[in-house]
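Peer 1: Quick one: this structure, given as structure tokens, is what I'll be asking you about.
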Amino acid sequence: MQTIEEVKKKESKVAVDYVNEVFEKVKIRNPFEAEFHQAVEEIFDSLLPVFSKHPKYMNQNILERIVEPERVISFRVPWTDDKGKVQVNRGFRVQYSSTLGPYKGGIRFHPSVNTSIIKFLGFEQIFKNSLTGLPIGGAKGGADFDPKGKSDGEIMRFTQSFMTELYKHIGPDTDVPAGDIGVGAREIGFMFGQYKRLRGAYEAGVLTGKGLEYGGSLGRKEATGYGLVYFVEEMLRDKGLSFQGSTVITSGSGNVSIYAMEKAMQLGAKVVACSDSNGYIYDENGLNLETIKRIKEVEEKRICEYVYEHPHAQYVEGCSGIWSIPCDVALPCATQNEIDECSAKILVANGVNAVGEGANMPSNLEAIDIFLENDILFAPGKAANAGGVSVSALEMSQNSARLAWPFEEVDEKLQTIMKNIYRNTVNAAEEYGYPGNLVIGSNIAGFIRVADAMIVQGVV
């Protein structure tokens, strides 16, 4: 498959000049935002075939309009720890695009959160949400707060302070946040309670990822991991391959990784490794998922605990070495840029057939080029991990109708959405001259839906 450098040589000079000009403006306007620049560059370059074929998007200057957020909100989050000491964090919400519907995107609590990361995530979210075919715009939010090691009381006080500012900017028809790294059912519950208290109204549709007791959807917890596997299974099937009998590695051990492992195992795969931020476990005979679920979901301990119950398994400090384990399918589900050029080369040398991104931008640009140059099946995150936001949108539908759908109905809708995303991505790649390149296909398919709607709605 052709790399981005080969795409630049193939497409029209006018299109290349336009993309380069806008990207240079982005870097000047947004200095020192490396993650944001990386996300923008990858998407911009993928769209060259569109601008070559349809100059109307350049004439309307869609690229410069879409890359600028509609609103960026940054705020102070003061809270009191268990020792009575006042702490201060910084909160963010970037409302990127409401072209297709209310802003929609997760909230991340992690020490690494800054403007660059939230903007990269929000920009990617525009195209991911567009790919689902559902009426949702793109946004992202979070704070540089670390929930690890905090008591429930500390987390409650922090999330209440966070929502005391955020509630002014969200609503069921305005902006509907969900969870992300560091934000699970507990954090969503505290935020919903505070929102309800401040608004004096029960607006179930203001947050997704809620508990089942107060408007959550069955299947939401599993959605991103299951959706990833449904997408990759379609990709494998087109090449005569399958999860059946395959050896799989997943990074991470949160919701995405756990439920990707679960679905891959249900489809006949052997999952041999997973990780957390401290290190990874490896079991050549296959991991015991029930043990992992108990350690991570119930006991909330580190993944190293696994080897105490399964002494034949290995625990290795550090995360990057997980990609040195031979596998047929690699599913990076942890965080951005976890697979670099070196790790990609090792995966290729060890015979990997497919890579499916469960996290947001887990492979850097050099790693993606390695996969494409070696004709490795590659499922980019904005397409492959769209299952989570898809079921979030289905949760919004249930909230609007005051209904709760059974798990089987949600899962069936999820499978249909992921299959449609895959097929639309494949079709876009073929239509614009890059068959099999799902990076280009997903970016084009996501972009065109938003860009056409922007043109119809005028300059707003």
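Peer 1: Here is a list of conditions, (1) in a helix (DSSP H, G or I); (2) out of contact with any helix residue (DSSP H, G or I) (no Cβ under 7 Å at 6 or more places or on another chain), and ASP146 meets all of them except one; can you say which number that is?
Peer 2: Among (1) in a helix (DSSP H, G or I); (2) out of contact with any helix residue (DSSP H, G or I) (no Cβ under 7 Å at 6 or more places or on another chain), ASP146 violates only (1).
Peer 1: Something else: Only one of (1) touching a Lys or Arg at 6+ places or on another chain (Cβ under 9 Å); (2) buried (at least 22 other Cβ atoms within 10 Å of the Cβ) is not met by ASN89, so which one is it?
Peer 2: Among (1) touching a Lys or Arg at 6+ places or on another chain (Cβ under 9 Å); (2) buried (at least 22 other Cβ atoms within 10 Å of the Cβ), ASN89 violates only (2).
Peer 1: Check LYS345 against each of (1) part of a loop (DSSP other than H, G, I, E, B); (2) assigned by TED's automatic domain parsing to the domain that holds ILE281; (3) not polar (S, T, N, Q) and name the one condition it does not meet.
Peer 2: Evaluating LYS345 over (1) part of a loop (DSSP other than H, G, I, E, B); (2) assigned by TED's automatic domain parsing to the domain that holds ILE281; (3) not polar (S, T, N, Q) leaves (1) as the failure.
Peer 1: For region 264-283, name all the residues that are closer than 20 Å to VAL298 by Cα and either surrounded by fewer than 24 Cβ atoms within 10 Å (Cβ to Cβ) or among the β-branched types (Val, Ile, Thr) (or both).
Peer 2: Once the filter is applied, which keeps residues that are closer than 20 Å to VAL298 by Cα and either surrounded by fewer than 24 Cβ atoms within 10 Å (Cβ to Cβ) or among the β-branched types (Val, Ile, Thr) (or both), region 264-283 yields ASP276, SER277, ASN278, GLY279, ILE281.
Peer 1: Among helices (runs of 4 or more DSSP H) lying entirely in region 27-92, which contain 2 or more residues that are touching an Asp or Glu at 6+ places or on another chain (Cβ under 6 Å)?
Peer 2: Result: 48-53.
Peer 1: Do we have any residue at all in region 119-130 that's of a type in the set (Gly, Ala, Ser) and either over 15 Å from the mean Cα position of the chain (by Cα) or in the same structural domain as ASN364 (by TED's automatic domain parsing) (or both)?
Peer 2: Scanning region 119-130 turns up no residue that is of a type in the set (Gly, Ala, Ser) and either over 15 Å from the mean Cα position of the chain (by Cα) or in the same structural domain as ASN364 (by TED's automatic domain parsing) (or both).
Peer 1: Give me the pairs: first residue in region 167-191 and in the same structural domain as ALA143 (by TED's automatic domain parsing) and more than 20 Å from LEU121 (Cα to Cα), second residue among the hydroxyl-bearing types (Ser, Thr, Tyr) and not in a loop (DSSP other than H, G, I, E, B), beta-carbon distance under 6 Å, and six or more apart or on different chains, which are they?
Peer 2: These pairs meet every condition: TYR167/TYR195; PHE190/THR159; MET191/THR159.
Peer 1: So the check is Cβ under 7 Å with 6+ separation or different chains; which pairs have a first residue in region 193-211 that's in contact (Cβ under 8 Å) with a residue 12 or more places away in the chain and on the phi < 0 side of the Ramachandran plot and a second one that's of a type in the set (Asp, Glu) and crowded, with 19+ Cβ neighbours inside 10 Å?
Peer 2: Pairs found: THR208/GLU395.
Peer 1: When residues of region 1-44 are filtered for being exposed (fewer than 12 other Cβ atoms within 10 Å of the Cβ), among the hydrophobic types (A, V, I, L, M, F, W, C) and without any contact (Cβ under 8 Å) to a residue 24 or more places away in the chain, how many remain?
Peer 2: 1
The values are calculated or read from the model by the stated rules, or taken from the named source; none is laboratory data. What you are looking at is a predicted structure, and each value in this text was computed from that prediction instead of being measured. Methodologically, a virtual Cβ is constructed for each residue, glycine included, from the backbone with ideal geometry; neighbour enumeration extends over all protein chains shown.
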